[in-house]
Amino acid sequence: MTLLAFGINHKTAPVAIRERVAFTPEKLPLALQELRAHNHVNEAAILSTCNRTEVYCGVEADDPRELSEWFSRFHKLPHDEVEPFFYIHPDKDAVRHVLRVASGLDSLVLGEPQILGQMKQAYSQANHAGTVGHLLNRLFQHTFAVAKQVRTDTAIGASPVSVAFAAVSLSKQIFSDLSKHTAMLIGAGETIELVARHLHQSGIGRIIVANRTVEKAHTLACEFDGYAIALSEIPAHLAEADLVISSTASQLPILGKGAVESALKKRKHRPMLMVDIAVPRDIETQVGELEDIFLYTVDDLQEIIDEGLKSRQEAAQQAEEIIDTQVSHFMSWLRSLTAVDTIRQYRQHAETIRDQTMEHALRQLRAGKESDFVIQELARQLTNKLMHGPCVRMKQAGYDGEDTLLNVARELFNLKSEQ
């Protein structure tokens, strides 16, 4: 059986193409069943995210074009329109590709962890659809273990490479225990949502979300057990915040020096960390002149991001070494499958001889023969019958000068060479 991984991703196709070939949750079961019913396809799983749509198959015949044509037909797209964006990886390359994807090495953001969860979901959906067999089951289990090893043995996900991650990493450096602190997030867009998610995962004590539209702030706050306020309410709550992270589209500053001075007085000058990741800035530059205020801008975070990216790239090299080793391990297991039929046939042959010889011995016992004699006969006949075929073949190999076969036989039967 051949293993194939094929599809498109953010490196090969623009978003206009990617969004047209995504498999929706509603259509995914049908796609899996269609794929499984396809000629020569024994197993199938589909990974569909905003950045990639990939199909993993165990196939009897290596005919990638036929599968890519099915892919196009399913999405009702001309094949010629999709084909230029396709990549197809067979066997060893397919294993390497799947391991790299799950480990975050093929992601838009190097080392991002979400893809592993998405791959686990793809496996679960294919399992539920009944399209996962022995080959893909082993591949996915191996993949999950390797991705975990990469996370454990390298720093691939430790360093910040996004503004949101960098802002939270900075917070964790300054506040050793976030569970004892309150964060005020100003804005409710995608960046602030990511900040809230990272803070929540890091165990922040409380989250206050301030936004021009209170309903939107409330929706975000509820997701992370926080509470929402309007921008006009910031002065009344600012003193509660140990950490302020702001990212709005406002053309004018949201926080001025006077409001922050008042908050510091209420806090009895306990320090505040402020991270302004908006462009134009949300926090007046004069705020940074205040004692007990640590103000960082998006430019300050860029240094952290650059350093984090460098760290992840170094970790990625270590991860590639792990993957090289694990690809070899999986391919060794895959090659071992070719011996399974031979082993099964040999075992069945030996068991047939055993049963025949045992039946003969039982007949002798029932006929009254001495048990010692029957046991000796059983051992002699069983040995002769098991050895007969190999001995005849080795004798013929010696006659024909097939030294290679004889050497293999010595290794197979663990025989010491005569000096």
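Just so it is clear, none of the values below were taken in a lab; they were calculated from the coordinates. Note that the coordinates shown come from a computational prediction; the quantities given were computed from them, not determined experimentally. Here the Cβ is made from the backbone with ideal geometry for all residues, glycine too, and neighbour counts use every protein chain on show.
So here's what we get for this one:
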read-out	value
Reach of residue 27 by Cα under 23 Å, taken over lysines that are not fewer than 8 positions away in the same chain	76, 120
Protection-proxy order for peptides 336-345, 287-296, each taking the mean of Cβ atoms within 10 Å per residue, highest first	287-296, 336-345
Sequence-distant lysines (8 or more away, or on other chains) whose Cα lies within less than 28 Å of residue 395	385, 416
Virtual spin-label span in nm between residue 291 and residue 15, 7 Å along Cα→Cβ	4.8 nm
Within-14-Å neighbourhood charge of residue 146 [Cβ basis; K, R +1; D, E -1]	+1
Net lengthening on full extension, residue 317/residue 392 (0.36 nm per residue, minus Cα-Cα)	21.6 nm
Computed lengthening from residue 383 to residue 212, 0.36 nm per intervening residue step minus Cα-Cα distance	52.7 nm
The chain - charge dipole about Cα centre, Lys and Arg +1 at Cβ, Asp and Glu -1, debye rounded to 20	1220 debye
Residue of 80, 324, 355 that the Gaussian network model of the chain assigns the largest fluctuation, springs spanning Cα pairs under 10 Å	355
Label point distance in nm, residue 339-residue 406, each placed 7 Å from Cα along Cα→Cβ	2.4 nm
FRET efficiency estimate (nearest 0.05) - Cβ-Cβ, residue 65 to residue 148, R0 30 angstrom	0.25
Proximal charge balance of residue 377 [Cβ under 15 Å; K/R count +1, D/E count -1]	+3
Between the range 350-416 and the range 1-65, the Cα center-to-center distance that results, in Å	51 Å
Charge dipole of the range 275-377 about the Cα centre (unit charges at C-beta), most positive-ward option of 331, 375, 290	375
Computed magnitude of the charge dipole of the range 163-305 (debye, nearest 20; Cβ of K, R +1, Cβ of D, E -1)	400 debye
Proximal charge balance of residue 238 [Cβ under 15 Å; K/R count +1, D/E count -1]	-1
Residues of type lysines that residue 180 reaches as a straight line, Cα spacing below 23 Å, ignoring anything fewer than 8 places off in the same chain	172, 265, 266, 268
Spatial separation of Cα centroids for the range 266-296 and the range 301-341, in angstrom	42 Å
